[in-house]
Amino acid sequence: MMEVSRMNKKDTRKAVDAYFDDKLHISDETTQAILHKNEKEGLQSIEVASAHGKMLYLMAKMSGAKTILEIGTHGGYSTVWLARALPEDGRLATFEAKQRHARVAEENIAAAGFADRVEIFEGDATKTLRVLKKRGFETFDFIFIDANKDNYPEYLEWALELSRSGTVIVADNVVRKGRIIEEDTDKKNIPHLRKFIDLLSGDDRIEATAIQTVGDKGYDGFLMAMVK
Ligand code: DHB
Ligand code: MG
């Protein structure tokens, strides 16, 4: 192994991800097969990093979640990590805008053995989230937001609507290579993500923090919050 001081930052981050992946037994056949299938089906490689998938699994398990809401299924990679945290009688509702992604996710979730615990809702989540109550979901123990960034403010409102005291809310992609701090940008997504942060900032129902991340997937970060 090359000395780290001789490596560039990007290679170092990849190597550190690989190190922990190996030592902490993070990836496995099931999750790797999902990544392969997603790639083969032409889905963008924007899934959470494996270490972050396991982090989501651990957080959901630590919170003792029996009901999980995911907004943004993509190919079902984070869905399967989260579903693994559920007890046998747990339920996960996941929302996906694109029909093709939902179909790939359905296959991945079934192959991972979670078809009985996971329900995929297809279509624009800002329109479809309202069906949850009719489907017997009241509140959720754990909520993961990782969909269209422009709708994060609306997803936060829904997350709060579907929360109880103690619900954990996690959101992906709140740093965007640091661009989150650009006040007057009209760059893709950033104004909406900033509005999402401002809503949290002004809401005393919730306690939150943000964690910057680096690694194989570049520089981004997670928002983590809990409803008081
Ligand atoms: C991108 C990354 C994400 O994690 C996501 O949810 C959406 C887009 C991206 O890098 O383009
Ligand atoms: Mg994401």
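Each value in this text was obtained by applying a stated rule to the coordinates, not by laboratory testing. All figures in this text were calculated on a predicted structure; none of them were measured in a lab. Cβ: placed from backbone, ideal geometry, glycine included. Neighbour counts: every protein chain shown.
Can you list the aspartates and glutamates whose alpha carbon sits under 17 Å from that of residue 9, skipping same-chain ones fewer than 8 residues off? List returned: 17, 216, 220.
One equal scatterer on each Cα of segment 106-228, no solvent, Debye formula: the resulting log10 I(q)/I(0) at q = 0.11, 0.17, 0.19 Å⁻¹ is -0.43, -0.98, -1.15.
At 222 nm, what helix-only mean residue ellipticity would the chain give, in deg cm²/dmol to the nearest 500, using -39500 (n - 2.57) for each DSSP H run of four or more?
-11500 deg cm²/dmol
The distance linking segment 83-138 with segment 166-188 is 25 Å (Cα centroid to Cα centroid, whole angstrom). Among the listed pairs 23/54; 37/149; 66/127; 177/217, a Cα-Cα separation exceeding 22 Å is found for 37/149; 66/127.
Exposure proxy for 119, 88: other Cβ atoms within 10 Å of each Cβ, ordered fewest to most, give 88, 119.
Derived from the Cα gyration tensor, the three semi-axes of the equivalent ellipsoid of the chain are 26, 23, 17 Å, largest first. Here the Karplus relation 6.51 cos²θ - 1.76 cosθ + 1.60, evaluated at θ = phi - 60°, turns the backbone of segment 100-111 into coupling constants of 5, 5, 4, 5, 4, 4, 4, 5, 5, 5, 5, 5 Hz, with x for every Gly and Pro. Looking at the chain alone, DSSP beta bridges between its own residues are antiparallel in about 40 percent of cases. Extension gain for residue 184 to residue 164 (0.36 nm times residue separation, less C-alpha to C-alpha distance): 3.7 nm.
In terms of other Cβ atoms within 10 Å, 181, 143, 120 run from fewest to most in the order 181, 120, 143.
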